[in-house]
1. Under the rule of at least 5 residues apart or a separate chain, name every residue whose amide H is placed under 5 Å from the amide H of W77.
2. How many angstrom lie between the Cα centre of the range 1-53 and the Cα centre of the range 54-100?
3. Per-residue HN-Hα couplings for the range 145-157, Karplus 6.51 cos²θ - 1.76 cosθ + 1.60 at θ = phi - 60°, whole Hz, x for Gly and Pro?
4. Please compute, for the alpha-carbon atoms of the range 1-137, the extent along each of the three principal axes and give them in descending order in Å.
5. Between D46 and R89, what FRET efficiency follows from the Cβ-Cβ distance if R0 is 22 Å, with the result rounded to 0.05?
6. Quick one: dipole size for the range 1-122, taken about the Cα centre, charges +1 on Lys/Arg Cβ and -1 on Asp/Glu Cβ, in debye to the nearest 20.
7. Using only helices, what value at 222 nm comes out for the chain when you add -39,500 (n - 2.57) per DSSP H run of length 4 or more and divide by the total residues, to the nearest 500 deg cm²/dmol?
8. Over the range 60-101, consider all pairs of different Cα atoms and compute the Kirkwood hydrodynamic radius from their mean reciprocal separation; express it in Å, one decimal.
Amino acid sequence: MDFSRPTYTLEEATRKLEGYCAYQERCHKELVQKLRDMRMIPDAIDQIVVHLIDHNFLNEERFAMSYARGKFNIKKWGRNRITQELKQREISKYNIQKALAQLDTHVYVETLDALAKKRLGTITESNIQKRRKKLADYLLYRGWESHLVYEKISELIK
């Protein structure tokens, strides 16, 4: 038995996780993993998760909206990457769609334009095909939709 990690009562674990959720938005999967790491039993985990949902510490829709907004605004991720990451966190399809719907289409296209131009400025490759490939790989990795990426590349690299 590992005695190096502390054990928690139901009340202590609940208070600790209220703080954990209040600090930043969390998803259910992350929370359950945290409780498992605290060595809580399944019944206690269920009870704590229900408490956090009831008291609005845990809200999957709010998490998805916040996550999508943050990754788009800060990391300049496209819809594909945001969707993939939310799916890994077991967020429902409905909440993923709702989170993506909040991204303004006009701002989305402007962001892709700025990101593509900025990246193109750093590509030193002289071969046009290789330049196109490098730019495409970069934008696709960041989760931008392929039709938008190839349109942008055709526009920027003649």
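What follows is calculated from the coordinates using simple rules that are stated; it is not laboratory data. Being a predicted model, the structure only gives us computed values, none of them experimental. Positions of Cβ are generated from backbone atoms using ideal geometry, with glycine treated the same way; all protein chains shown enter the neighbour counts.
1. Residues meeting the amide H criterion: F72.
2. Distance between centres, Cα-based: 22 Å.
3. Rounded to whole hertz, the list is 5, 4, 5, 5, 4, 5, 4, 5, 5, 4, 6, 8, 10.
4. On the principal axes, the range 1-137 reaches 63, 35, 22 Å in Cα extent.
5. Numbers: r = 19 Å, r/R0 = 0.86.
Computed FRET efficiency for D46 and R89 comes out at 0.70.
6. Details: 22 positive and 17 negative charges, 165 e Å.
In debye, rounded to 20, the range 1-122 gives about 800.
7. Only helices count here, giving -22500 deg cm²/dmol.
8. 9.7 Å
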